[in-house]
Amino acid sequence: MAVHFLLLLFALSVAAADEEAFIGVNIGTDLSDMPHPTQVVALLKAQQIRHVRLYDADQAMLLALAKTGIQVVVTVPNEELLAIGQSNSSAANWVSRNVVAHFPATNITAICVGSDVLTTLPNAAKVLVSAIKYIHSALVASNLDRQVKVSTPLSSSIILDSFPPSQAFFNRSLNPVLVPLLEFLQSTGSYLMLNIYPYYDYMQSNGVIPLDYALFKSLPPNKEAVDSNTLLHYTNVFDAMVDAAYFAMAFLNYTNIPVVVTESGWPSKGGSNEPDATVDNANTYNSNLIKHVFNKTGTPKHPGLAVSTYIYELYNEDMKPGPLSEKNWGLFDANGTPIYILRLTGSGAVLANDTSNQTFCIAKDGADPKMLQAALDWACGPGKVECSPLLQGQPCYEPDNVIAHANYAFDTYYHKMGKTPDACDFNGVATISTSDLSHGSCVFPGSLGKNGTVGNFTAPSMNSTNSDSLAYNLRSCDLRIRSLLMVTGFLVWGVVVL
């Protein structure tokens, strides 16, 4: 499965005392119309996403991210793992080409060596730790080992008997790899990267795991799951899995390695056999996840120690194989339009595209009609505004005059560009206003409907006026094994009800 604003959408080390926990996004590229890197970065900036994870180290993307301050995690693709794990020089070349050549202009903070290797590429597991050490040695040689951490994302399915968390342990058959991996993470001050998908845990539980428990919804005390060994109360799957990872590491005598969740999310659409892959559930999960991280709630085992998390994912990947849900994990479509408006009031600026303090860009009173027409022509031409709603017979055709048409085009461009003040000028004939000029079925971008949702909202510019329309197609190296083993543990646990 694959890739969002996730957004998610970030310098890693979640447990470092001098760093705040963050929300980042994964950027997958399995789209039929992948936006150009400059367009991707425009969206990240507009949504104030400061941490991203790439599934490769694409040169064009790294160049586009330069001098933005956005903290970037790059990935050694799984198909390159065997070569790097068997050759120190191959690792050195990879680091030179994909890190040293871009640092510090591009703020690379971590390297993922492979992805879900232990569960998807067992033949490469034997070289995983070697590859990690070779990559780290190359960073040391370049004097970048303090700035750039090295780890590998693991599927939470490698944690067995995860309910109750205090009884969790890693699949013992993987210990020959996990023990040296944990030793490396501890000695270098790195972190355990973990992919957590409560959606799959819920779907595979056959009703054992309540939906509200998977979605971070508030539970009454008598519905909370209680670890009978520690008496810790769990109100959501996410925290239970994070703590299971901490307990599993402690079982192997590693107690000071922080956890960073490299993937988590919820699909917004699914097939007939995926009834809970809905827009509302995806919005609920990701909104609650973001608030959970920023509220610094932590987990029952480590209260107050929030876990930095990368949302899966920024875009819907329509080229992903598999069930319909595989194509619908994104926060945005390829045009930059939000799949849903996150409910993040009071949770900071990251991905906060649900503000009720709406502003619009409209024509100035008394503006010269000829200048308005010229600005309208520019917006619908070089400005790349989608002006088809202004055509005869379309929702915004009436009233058929230059002022009304300019209002729609100006506001659309303004929202596409992230509502920056300089995006509402148009040679002096436009102004920012709080007046919503939507009428009938003509809904302006960002207009709030009666139900509090945003109608026809277009995300900040995915059509940069100074970039060409090159297709940016990359192979996604994201491979994932779902957590299949939670249900048995949950049943054995018996969920203590108070």
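The values are calculated or read from the model by the stated rules, or taken from the named source; none is laboratory data. As the structure is a prediction and not an experimental result, all values here were calculated from the model. Cβ sites come from the backbone with ideal geometry, for glycine too, and all protein chains shown count toward neighbours. Calculation scope for accessible area: heavy atoms of the full protein, side chains included, ligands and nucleic acids excluded. Shrake-Rupley method; radii C 1.70, N 1.55, O 1.52, S 1.80 Å.
Computed quantities for the displayed model
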item: Criterion (surrounded by fewer than 23 Cβ atoms within 10 Å (Cβ to Cβ) and of a type outside the set (Ser, Thr, Tyr)) met by exactly one of 286, 281, 316; result: 281
item: Checklist (1) surrounded by 19 or more Cβ atoms within 10 Å (Cβ to Cβ); (2) touching an Asp or Glu at 6+ places or on another chain (Cβ under 8 Å); (3) more than 23 Å from residue 23 (Cβ to Cβ) applied to residue 55, failing item; result: (3)
item: Yes/no for residue 491 being farther than 15 Å from residue 363 by Cα, of a type in the set (A, V, I, L, M), surrounded by 12 or more Cβ atoms within 10 Å (Cβ to Cβ) and at pLDDT below 90; result: yes
item: Residues being open to solvent by 30 Å² or more (accessible area, probe 1.4 Å) and over 22 Å from residue 369 (Cβ atoms) - total across segment 395-439; result: 9
item: Hits in segment 156-171 - residues which are buried (at least 24 other Cβ atoms within 10 Å of the Cβ) and within 22 Å of residue 124 (Cα to Cα); result: 156, 159
item: Helices (runs of 4 or more DSSP H) wholly inside segment 155-257 that include at least 2 residues being out of contact with any helix residue (DSSP H, G or I) (no Cβ under 7 Å at 6 or more places or on another chain), under 27 Å from residue 290 (Cβ atoms) and aliphatic (A, V, I, L, M); result: 237-251
